[in-house]
Each structure stands twice: as C-alpha cells, then as structure tokens.
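**Student:** Please find one structure pasted underneath; my questions will follow.
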Amino acid sequence: MVLVVTVSVPLAAGAAAAKSHPVKKKPAAAAKASAKASVKVAAKASAKSAPSAKGRAVVARTSASKHSVAVLRKGRHVAVRSRAPVVRAEVARASFGQLSGLHGTTDPLDLKSSVALVLDQDTNEVLFSKNSQAVLPIASITKLMTAVVVTEAHLPLDEILTVSQDDVDTEKGSSSRLAVGTSLTREEMLHLALMSSENRAAHALGRYYPGGLPAFVSAMNHKAAELGMSDTRYVEPTGLSSRNQSSARDLATLVKHAHGHQIIRDLSTSLEYQVAVGQRQLQYHNTNGLVKNPEWEIGLQKTGYISEAGRCLVMQAKLAGRQVIMVFLDSAGRYSRIGDAERVRKWINETLPVAHPVTAAPHVPVLPTVTLTAPKVTS
C-alpha cells in the first residue's frame, strides 16, 4: 500500500483583516514539527482504515491542525478557528492490464503501453507485437466502430440530431460542452466524435440509428463478427463502459477496414472544427497532437481513455514508404502513448526495409474478472 500525504492549510474567513491585528504565533520550528506530527498521525490512521486491494494505491489527503486568527467584527476582535478537513482515503484505480500483470512484459523498444501491435497494412506482415492477444477495455477507440456503422448505414449526413438527457453520461459522469437541447447535423456529430472524442455526439449517433440504441449496438457487434473480430464486444457506442473490449489484433483489422472510408479518414485527422451552438461558436481540437506534426503522415487515428483501459491509440500512417497500422493499448502516463508511437516511427525509419518482425517476451496472463467503480474520464 502506497501512502501519499498532501498538506494544505485553509485560510479562515476574514483572515486578511487580521493583518492589522496580528496574533502570537508559535516559533517556526515548533509549528513545523507540530504539522509533521499531525500528518504522521493522520496517515497512520488512514492506513488502518483504508481498504487494501492488490493493484490499488491508497492516497490519504489531510491538512494541518486547527489554528486561530483574530477577525474584526462590528468593532470587536473575535477569535475564529478554522476547521481542518477530515482525512479521507481515495483509491487510485488500476487498469485491467495492470491488474493482470501485462505491464511486466518487456520489449526491445521499451514501450510504456502494455499492449502494442504494428503491421504492414498491405501485406499484413507483423512488424512488432506485444501482448497483442490480450483482450482489454478499449475506451473511445470504440468510436471508430461507431463511425463505421453510421457511415455504412448511408444515413443522411445533413439530418439534424438533438442531444437529449439520454445522451448524458451516467457511466462515468464525464462532462460535455454539448448541452441537452443542442442540435447539430449527423456529419457534425460524427466529426466531433472522431476528432474530439465527444461522448454525447457518439451516443446521439447511436440513438438516432434506425431501431434506436439497441439496434445500433447490435449492428456494431454484427460488423465486428463480419470482420472476423472474434475478441471484440460492444455494449454502447462511446467507450465509457469498460465492457467494450477488444484485442490489438482485432483493432488492427478495424483500422484497416475503417481506413477504406474517406469520411472517417478526413474527420478523424481533422486538426480542429468549429460548430455553432445557439449564439456561441464552440471550437474543438483533435485529441491526438501527432496529426499536426509535420514528421507524421497520418491517414486515420483515434485516441481513448478510461482508467480501466489506460491510454489508448490506434493509427494508420505512412512510414518508411510503408502503409502501417499501429495499435497501443493500456499505456501508463498521459503522453506515453504518443511517446510509444514516436519510438515505433523512429525504429521503423531507422531499420526498415531490413527490419525483421519483433515480438516482445511472451506474457499471457488470465485476465481477472474485475468490476471497478466509476472513475474520472478524458479521451
């Protein structure tokens, strides 16, 4: 169990007024010692009461002990005592890959993603593989299949879709700038879902499918089966649910298929997009910073993140004269998936065409059945 203790001292109301009437303070050394003792006791108490679980870090947050300041009220000096917050333990949730030990797998490129697959799009030659058979939550990579189903249904792109309360995230409690009642065209919703990973836009696309959301999810799974994605299962169109799961091999198949649709290529690699919502203009940007990097020639991309899935990224790009598909799942660290993509790009540019396929040390654990409570989400 890892304990991290942060100390914050809140200012009492009206403390600014006390500057003209200072009160006696303990010597600095004594005050510091008192605060340290308070923190140690709080951390010890938290460690005893906090739930322990393998793969979870317990973070204890506390503040220094109570202290008083003099405040001027109605011509009188009144002692006001600030109240220190109660120590509370917060469980830092591990990803499914961390819980199953996938991060213990080493690889020649020292990738931070526990799962990675790089293959030649034209020949299907595997250039790099690391735990590519593992089945994990895929977060907003889900939206790539959402886009495929919408596109292949040939629904009118200029049809107006309106965000409803049904599109509000109750799974993770994530926020959205598309307020209930916002109306955009189907193409605009698709654009925001692919480029900016807009969850309400993706959910509205599924809800407006003929037959509603159940029919849409069924179509997603049917398409996965049609493509031979035997490791894949979808339960909703956004990726907020950790029950949306797949393997790197299946996702490479999806990327290759989705790349055949120009609208998905164009919208997923768009740098930015502005939509009119009422009297406001909302500016959206791509969640993948590599699309504006001149050293990359990206044909399709999608990012994803929920805590159960870690940081995820799929891309189609031209490297060393090859059309390459890259899949990175369960990457630890906010920018680590981007760093992994850069490592692969450098490796391919420096070693191909003489490079041979690289396979990481095998590690095929049995994934545990884990149900995690709702964490914060960004994509």
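**Student:** Past the 18 Å Cα-Cα mark, which pairs from Lys143/Lys223; Lys143/Lys256; Lys143/Lys292; Lys292/Lys318? Kindly include the intermediate steps, with their values, before the conclusion.
**Tutor:** Numbers: Lys143/Lys223 13 Å; Lys143/Lys256 15 Å; Lys143/Lys292 21 Å; Lys292/Lys318 15 Å.
The pairs that break the limit, which is 18 Å between Cα atoms, are Lys143/Lys292.
**Student:** Moving to a separate point now. Can you list the residues, at least 5 places off or on another chain, whose amide H is less than 5 Å from the amide H of Leu300, using H built in the peptide plane?
**Tutor:** Amide H neighbours of Leu300, under 5 Å, 5+ apart: Gln316.
**Student:** What is the range 96-359 by shape, rounded, prolate or oblate, if you read a ≥ b ≥ c off the alpha carbon gyration tensor as root eigenvalues and call it rounded for a/c under 1.5, prolate for a/b larger than b/c, and oblate otherwise? Walk me through the intermediate numbers first.
**Tutor:** Values: a/c = 1.75, a/b = 1.58, b/c = 1.11.
The shape class here is prolate.
**Student:** A further question follows. What order, most packed first, do the peptides 157-170, 231-244 have when packing is the mean number of other Cβ atoms within 10 Å of each residue?
**Tutor:** Order by mean packing, descending: 231-244, 157-170.
Values in this text are rule-based calculations from the coordinates and carry no lab data. Only a predicted model underlies this, so the values are computations on that prediction, with no experimental measurement involved. Counting neighbours? That spans all protein chains shown, and the Cβs are built from the backbone with ideal geometry, glycine included.
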